[in-house]
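Here is the structure we will look at.
What follows draws every value from the coordinates through simple rules; no lab data is involved. Here the structure is a predicted model, which is why all the values come from computation and not from measurement. As a convention, Cβ positions derive from the backbone with ideal geometry for all residues, glycine included, and neighbour counts pool all protein chains shown.
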Amino acid sequence: MTTGPTVYVVEDDAGMRDAVGLLLRSASFDVRSYSNAESFLNEVDCSEPICLLTDVRLPEMDGIALFRYLVGLGTEPAVVVITGHGDIPMAVAALKEGVVDFVEKPFDPAMLLDSVRDASRRAAASHERKVVAADIATRRASLTPRETDILALLMEGHPNKVIAGKLGMSIRTTEHHRARIMEKLGARSISHLIKMLLAIRR
C-alpha cells in the first residue's frame, strides 16, 4: 500500500537517486525519479499534488530554481531539499520561501523519511484545499445575478432587512433568495458560508 501523493525525486547522481528511491519505497511511498528538472517538468502534471525531493545541485535548473518555478506556476509544491554543507545558506533562504525542509548530506534515513512524510501530508492537504475551492467556485457560478448581489451584501455582514432595502425588494423575497444561496453553496449557516468563501480567497 502506498502512502499519500507520489514522491518525485529529482537527483542527477544515479547512485543517490536509486538509494533514495529504495528508501522511500521501503516506507511504502510511490516514487518516480528523474535525473534533472527538465525531464521532471516535461512529464509531471503540475495540477496534481506535488511532493518533491530534490538536490540543490542539478545541471541546468537547480533544485531551488525548480521550487521557485513551480511556485510561479501557481502550484503549492511540498519540497524537501537535499543539500551539501556549502549550500546551506541557499537552502535556509529557500526554507523562508516555503520549502518544507532541507536535509544535509550525509543524511540520516529516518530524518529524511520524516521530512518526506511531512511534505507528503502538506501536498495532500494543499490538493484537498484546491479541490474544495474549485467545487465552491463551481457552485458560486450557479448563482443568479440577483443571488450574487445578495451574497455580496451577506459577505459584508448586512442583515436581511438592510439587504432588502438596498436591493428594493421585500424581506420575504430576500429570505427566499438567501435560502437558495445557502442550498446552492451547501452552507449550513451564514457563518459557515462566510468561512467557505473567505477560505477560497486565500
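For the stretch 133-178, with only Lys/Arg (+1) and Asp/Glu (-1) charged at the beta-carbon, what is the dipole magnitude about the Cα centre, in debye rounded to 20?
Taking the Cα centre of the stretch 133-178 as origin, the dipole is about 120 debye.
At a Förster radius of 30 Å, what calculated FRET efficiency corresponds to the Cβ-Cβ distance of HIS158 and VAL131, to the nearest 0.05?
After rounding, the FRET efficiency stands at 0.45.
Magnitude of the Cβ-charge dipole of the stretch 68-162, K/R +1 and D/E -1, about the Cα centre, nearest 20 debye?
In total the dipole reaches around 360 debye.
Can you find, among GLY21, THR148, HIS176, the residue farthest towards the positive end of the dipole of the chain? Put +1 on the C-beta of Lys and Arg, -1 on that of Asp and Glu.
My answer, from the dipole projection, is HIS176.
Given R₀ = 41 Å, what would the calculated FRET efficiency be for ARG146 paired with SER47, taking r from the Cβ atoms and rounding to 0.05?
After rounding, the FRET efficiency stands at 0.75.
How large is the charge dipole for the stretch 7-128, taken about the Cα centre, if only the Cβ atoms of Lys, Arg (+1) and Asp, Glu (-1) carry charge, to the nearest 20 debye?
Using Cβ point charges on Lys, Arg, Asp and Glu, the stretch 7-128 gives about 220 debye.
For the chain, calculate the relative contact order in percent as a whole number, restricting contacts to Cα pairs under 8 Å that are 6 or more residues apart.
15
Quick one: if you stick a label point 7 Å off each Cα along the C-beta vector at ALA179 and ARG139, how many nm between them?
About 1.8 nm, to one decimal.
Could you pull out the GluC sites (Glu not before Pro) across the stretch 1-98 that fall in loop regions by DSSP (anything but H, G, I, E, B) with no more than 15 other Cβ atoms inside 10 Å?
GLU60
For Cα extents along the principal axes in Å, one of (i) 48, 39, 33; (ii) 73, 36, 29; (iii) 72, 31, 28 was computed from the structure I shared and the rest are decoys. Which label?
(ii)
Rank ILE190, PRO109, GLY86 by how far each Cα sits towards the positive end of the charge dipole of the chain (+1 on Lys, Arg Cβ; -1 on Asp, Glu Cβ) and give me just the farthest.
About the Cα centre, the residue reaching furthest to the positive side is ILE190.
Of LYS96/LYS130; LYS130/LYS161; LYS96/LYS184; LYS130/LYS184, which ones are farther than 29 Å apart at the Cα?
LYS130/LYS161; LYS96/LYS184
Whole Å is fine, so just give me how far the alpha carbon centre of the stretch 141-186 lies from that of the stretch 103-129.
44
Which angle between 0 and 90 degrees, to the nearest 10, do you get for helix 190-199 versus the longest principal axis of the chain when only C-alpha atoms count?
That works out to roughly 40 degrees.
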